[in-house]
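Novice: The structure that follows is given in the form of structure tokens.
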Amino acid sequence: MSTRYALLSVSDKSGLVDFARGLVDAGFVLLSTGGTAAALGAAGVPYTKVSAHTGAPEIMDGRVKTLHPKIHGGILGRRGVDEAVAAEHGIEFIDVVAVNLYPFEATVARGAPPDEVVENIDIGGPAMVRAAAKNHARVHVVVDPNDYVAVLAAVVGDDLVLRRALAAKAYRHTACYDAMIAAWFGSEADEPYPSETAIPLRRRQGLRYGENPHQTAAFYITPLEGGRALGRASQLQGKELSFNNLADLDAALRVAFDLPGVGCAIIKHMNPCGSAIHPEGLTRAYALALSADPVSAYGGILAFNHAVDDATAAAVIASKVFFEVIVAPGFSAGAREGFARRVNLRVIELPGDWKACALPGRDARRVAGGWLLQDWDANATSEWSSPLREADASELAALRFAWAVCRNVKSNAIVLACAADGGIVQNGVGAGQMSRVDSVRLAVAKATRPVSGSVLASDAFFPFPDGVQVALDAGVRAFVQPGGSIRDDEVLAVARERDAAMMFTGLRHFRH
């Protein structure tokens, strides 16, 4: 039997020595480079340096060491086809290639300067991985230390199914690596929507199921994206998350952290059924938010925009409302202890810097056969104008609260809000209707407090006066909306008759 070769060149040394010893025991000659060779030597594992195998030294500070015909010919050589060429050029076939790549991601994540980042872009590694994956009919390619045991069991046999699976993993690995590099270069260039792109994804966790129990699902994060990235959150307790839990969690955080004050939001099916702010803190805000729609709150997601203290946790527990998830940027020891008694309750802790962070990357939506990419609808500001009477201070505070909630409601979106018990609370929402007037009717019908004295926010302009008329008849006397309809004059006329305030933002917030 001819000599069998394995090439080991890894930045992640996890399990390396045991894997190498297993290969030696199976009769392999090990080829290695740099830090991997040093680790093998320190462990007493016999190996041959790649430079000795090729007869060519490592040059340019190690930039060129495996880019050689004896390496790539050895990896790509077809048994039964290329023996004569291999013999002519002194090439030995390589049967195992274990490579993981320079730590580009970790280098970027720790804020290294650009020159250092560029030096951590691997060239030889991806070339060897892709070559081995292409020749997977003859070569085991290993990019994940978790596969070492399976490969050791297979190298004595002929497991094509495993080699194909390893090749698929290898191509996914290099694709994600290249996508991260492309994204980093893209962040340095002023080209937000390039003609070609790739989005790196890494599986964070499997999920209980998708939107429905018969659908499978998983949660993927985008490497190198920080800020308000859900992958930065930590689950402290509770059942495994589902697809809907994460979708609702995302929506809940948008509402809670858009609120103009200390407060919380309760989300059901990606729309807020309750939200409130209170100057005295989260306990009062929670009571107000729950009162906005206590029936719909059952089974919802509860998001706080400040750390939860003992008193707030006690109030949540005392309310006896079933929540799927509670999320906040921190929990006191007493809050953790209290929630721990509900073993199935999912408690998610955000990093403490969440409020100060921005949403990462771009918004993306899958459509059949493609993707839609856009900027996040976040942090957009505009000067409000007042074509009618000026809103008083109380109305203006409620309008700003309603506008913050409204831009996170599914269109057509209408949000009523009012002052209550020293804070400001949502008082009825109309979401996802095909006509704006129906959204107004729904918001009025869902109000749990008198509509009279409430303010109204609309995510887009009123195309007709009918929606405003319904709200005025219910007692609304202050509105905020983008304006810009060809019938703005008609809309303003009906509001003027009732001495209502009408603020124009000049900014639309559709959320489909």
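The values are calculated or read from the model by the stated rules, or taken from the named source; none is laboratory data. Everything numeric here is computed off the predicted structure, so don't read it as measured data. Note: ideal-geometry Cβ built from the backbone for every residue, glycine included; neighbour counts use all protein chains shown.
Novice: Please pick out the residue among Ile424, Ile414 that is in contact with a Cys (Cβ under 9 Å, 6 or more places away or on another chain) and under 28 Å from Glu490 (Cβ atoms).
Specialist: Ile414
Novice: Can you pull out the residues in segment 197-219 that are exposed (fewer than 13 other Cβ atoms within 10 Å of the Cβ) and either under 26 Å from Ala358 (Cβ atoms) or not acidic (Asp, Glu) (or both)?
Specialist: Those that are exposed (fewer than 13 other Cβ atoms within 10 Å of the Cβ) and either under 26 Å from Ala358 (Cβ atoms) or not acidic (Asp, Glu) (or both): Arg203, Gly206, Asn212, Pro213, His214, Gln215, Thr216, Ala218.
Novice: Does segment 472-484 contain at least one residue that is surrounded by fewer than 18 Cβ atoms within 10 Å (Cβ to Cβ), at pLDDT below 95 and among the small types (Gly, Ala, Ser)?
Specialist: Scanning segment 472-484 turns up at least one residue that is surrounded by fewer than 18 Cβ atoms within 10 Å (Cβ to Cβ), at pLDDT below 95 and among the small types (Gly, Ala, Ser).
Novice: Give just the number: which of (1) at positive phi; (2) out of contact with any strand residue (DSSP E or B) (no Cβ under 6 Å at 6 or more places or on another chain) does Asp459 not satisfy?
Specialist: (1)
Novice: Return the pair list, or none, for Cβ contacts closer than 7 Å from residues in segment 225-241 that are touching a residue at least 60 places away in the same chain (Cβ under 8 Å) to residues that are of a type in the set (Gly, Ala, Ser), at least 6 apart or on different chains.
Specialist: Filtered contacts from segment 225-241: Glu225/Gly361; Gly227/Ala358; Arg228/Ala358; Arg232/Gly226; Gln237/Ala340.
Novice: Checking Arg79 against (1) surrounded by 20 or more Cβ atoms within 10 Å (Cβ to Cβ); (2) over 41 Å from the mean Cα position of the chain (by Cα), which test does it fail?
Specialist: Going through the list (1) surrounded by 20 or more Cβ atoms within 10 Å (Cβ to Cβ); (2) over 41 Å from the mean Cα position of the chain (by Cα), Arg79 breaks only (1).
Novice: For segment 457-512, give me each residue that is small (Gly, Ala, Ser), over 22 Å from Gly428 (Cβ atoms) and in contact (Cβ under 8 Å) with a residue 60 or more places away in the chain.
Specialist: Within segment 457-512, Gly483, Gly506 qualify.
Novice: Leu507 versus (1) crowded, with 20+ Cβ neighbours inside 10 Å; (2) of a type in the set (A, V, I, L, M); (3) under 32 Å from the mean Cα position of the chain (by Cα): which is the lone unmet condition?
Specialist: Going through (1) crowded, with 20+ Cβ neighbours inside 10 Å; (2) of a type in the set (A, V, I, L, M); (3) under 32 Å from the mean Cα position of the chain (by Cα) one by one, Leu507 breaks only (1).
Novice: Filter segment 391-400 down to residues that are more than 13 Å from Thr505 (Cα to Cα) and touching a strand residue (DSSP E or B) at 6+ places or on another chain (Cβ under 7 Å) and give me whichever is surrounded by the most Cβ atoms within 10 Å (Cβ to Cβ).
Specialist: Looking at the filtered set, the residue picked out is Ala398.
Novice: So which residues in segment 103-149 are of a type in the set (A, V, I, L, M, F, W, C) and touching a strand residue (DSSP E or B) at 6+ places or on another chain (Cβ under 9 Å), if there are any at all?
Specialist: Matches in segment 103-149: Ile123, Met128, Val129, Ala131, Ala132, Ala133, Val139, Val141, Val142, Val143.
Novice: If you go through segment 106-159 one residue at a time, how many are acidic (Asp, Glu) and either over 32 Å from the mean Cα position of the chain (by Cα) or under 23 Å from Arg21 (Cα atoms) (or both)?
Specialist: Here the count works out to 4.
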